[in-house]
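These notes are about the structure you will find just below.
We did not get these values from a lab; they are worked out from the coordinates using the rules stated. All values derive from a computational prediction rather than experimental measurement. Positions of Cβ are generated from backbone atoms using ideal geometry, with glycine treated the same way; all protein chains shown enter the neighbour counts.
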Amino acid sequence: MDQRPLFIHIGLQKTGTSYLQRIFWDSVPELASQGLSLVPGSKLAMFRLALDVRDRYNPEIDPPSVAHALERLPRLLEEAPGAALITQEALSAATRPQVERLLAATEGRDVRVIVTVRDLGRLIPSAWQQTLQGSRSQTLDEFARRLEASVGTNATPWRTMDVPTILARWNRFVPADRITVVTVPPSGSDPQLLLDRFCGVLGISADGLTVDERSRGNRGLRAEQAEVLRRVNALLPDEVKRRDVYGDLGKRYFAVQVLGGDEGTPIRLPAARQEWVTHISHEFIDAIKAGGYAVAGDLDDLLPQARHFATDDLEVPDEAVAGVATKALADMLVDRMHARAEAAAEPVQPAQPPAAEPAAPGWRARVARLRAAW
């Protein structure tokens with residue numbers, strides 16, 4: 001048995017994963033000095049590993065190397081000195097055979113699983129806006145009703161939030177005392193608290209890690225911006241909703257850079273759903289206690305707070321939608337004008353022979369055409 005620890009952080013989604021991951025990718029040298037390596041060695045490679053583990057390789061949009069990401073993992077782990085960390089929230093939705101395949105590739109490392117968990121009162125609205133950033137166009141009420149109907153099944157969106165089932169799935173292969181639930185602190189807490197809890201599980205110090213404004217994680221949407229994005233998504237043709245196209249322009253540009261910000265109405269579930277959310281939260285806590293899993297933090301952090309619920313359903317006036325949409329159009333026009341001005345100021349370069357297209361997908365060309373259209 002290789003006694004070097006391998007920590008597998010599987011999410012859950014919308015539980016501070018972007019915040020933690022950005023700090024860790026910005027702190028690779030410091031982590032190495034503390035005996036911890038990120039494997040694979042880049043954020044993109046980590047995502048591609050998750051695609052392969054989850055059987056989501058698509059030859060039309062993914063490079064051929066994705067299909068062999070899991071095959072390369074044993075060698076990468078062998079080359080990594082000391083402890084290693086895999087962190088990818090998409091792994092939380094892995095099926096039992098997929099979990100088994102991943103663990104079979106760990107070459108006998110001392111595997112420890114980390115699950116970050118957040119209270120459902122905040123998680124559900126955050127998960128809804130994440131679906132909007134993935135090109136969906138359902139309302140918050142539609143999302144909540146679909147979620148409630150999917151409880152007890154393996155259907156989305158429940159399967160990405162079903163803490164007891166996810167823990168039990170990994171517990172079939174990893175002992176409970178090697179599975180740690182890290183609770184996300186209540187809103188208003190120092191963000192450093194989540195980092196300290198996570199680092200404590202890894203056995204490292206947060207001192208010296210790079211924590212700055214960029215470490216906030218994803219820029220969230222307020223109700224007004226979310227409604228603009230939802231309406232825009234409803235008008236988009238299906239061919240631009242693929243992850244290789246929409247992710248670049250629809251999510252990272254339009255949703256995050258143009259719309260994202262802190263101004264506006266917070267997104268909250270209506271108070272009518274508080275009783276149901278609280279009931280499910282107690283079931284989660286009971287399952288964690290009964291399973292014997294290690295806990296970093298306080299399980300009471302998983303109980304929803306009344307202030308995270310609204311008195312009415314989420315409705316955004318058309319006037320507010322028009323205001324956000326107008327500002328978004330102005331910002332996009334300014335971006336386009338600046339890009340044109342910068343291009344005009346650059347010296348003309350000698351013509352270069354065209355680069356060879358990627359072997360499989362041709363996705364770069366489609367993204368380039370969409371960028372030109374913007």
Residues of the stretch 133-154 with amide N under 18 Å of a point placed 7 Å along Cα→Cβ from Thr265: 138-144
Student exercise, the stretch 244-332 dipole from Lys, Arg, Asp, Glu Cβ charges, in Debye to nearest 20: 160 debye
Computed magnitude of the charge dipole of the stretch 134-290 (debye, nearest 20; Cβ of K, R +1, Cβ of D, E -1): 460 debye
Likely footprinting exposure, Arg109, Arg169, fewest C-beta neighbours within 10 Å first: Arg169, Arg109
Estimated vicinal HN-Hα couplings, Hz - the stretch 160-172 in sequence order (Karplus 6.51, -1.76, 1.60; Gly, Pro = x): 8, 10, 6, 4, x, 5, 4, 4, 5, 4, 6, 5, 5
Cα-based equivalent ellipsoid of the stretch 1-116: semi-axis lengths in Å, sorted from largest, via gyration tensor: 20, 17, 14
The stretch 220-264 pair-distance distribution - Cα-Cα, 10 Å bins, rounded %: 29, 55, 16, 0
Orientation-averaged projected area, Cα convex hull of the stretch 141-251 (nm²): 10.7 nm²
Cβ-derived FRET efficiency at R0 51 Å, Asp207 paired with Leu329, nearest 0.05: 0.70
Ratio Rg/Rh [Cα only; Rh per Kirkwood] for the stretch 124-182: 1.08
Computed E for Ala32/Ala67 - FRET, C-beta separation, R0 35 angstrom, nearest 0.05: 0.75
Point-charge dipole on Cβ atoms (K/R +1, D/E -1) for the chain, about Cα centre, debye to 20: 780 debye
Cα extents of the stretch 192-331 along the three principal axes, largest first (Å): 50, 42, 30
Quotient of C-alpha Rg and 2.2 N^0.38 Å, computed over the stretch 73-147: 1.51
Residue with peak Gaussian network fluctuation, the chain [Cα springs, cutoff 10 Å], from Gln133, Gln305, Gln225: Gln305
Residue of Val334, Val256, Val324 that the Gaussian network model of the chain assigns the largest fluctuation, springs spanning Cα pairs under 10 Å: Val334
Hydrodynamic radius of the chain per Kirkwood, over alpha carbon pairs, in Å: 22.4 Å
Largest-first principal axis extents of the Cα set of the stretch 81-193 (Å): 46, 36, 25
Most fluctuating residue given options Ala328, Ala80, Ala343, as computed from a GNM of the chain linking Cα atoms under 10 Å: Ala343
Estimated D of the stretch 257-304 in µm² per second, where Rh is the Kirkwood radius over Cα pairs and Stokes-Einstein applies at 37 °C, 0.692 mPa s: 244 µm²/s
Count, lysine Cα pairs under 28 Å in the chain, 8 or more residues apart or across chains: 10
Farthest toward positive dipole pole in the chain [+1 Lys/Arg, -1 Asp/Glu at C-beta], among Leu140, Val324, Val245: Val245
Percent breakdown of C-alpha pair distances by 5 Å bin, ordered from the shortest bin, for the stretch 50-92: 5, 21, 24, 23, 18, 7, 2, 0
Label-reachable residues, the stretch 297-312, where backbone N falls under 17 Å from a point 7 Å from Ala149's Cα toward its Cβ: none
Under-5 Å amide H pairs with Val113, H placed in peptide plane, nonlocal only: Ile8, Ile179, Thr180
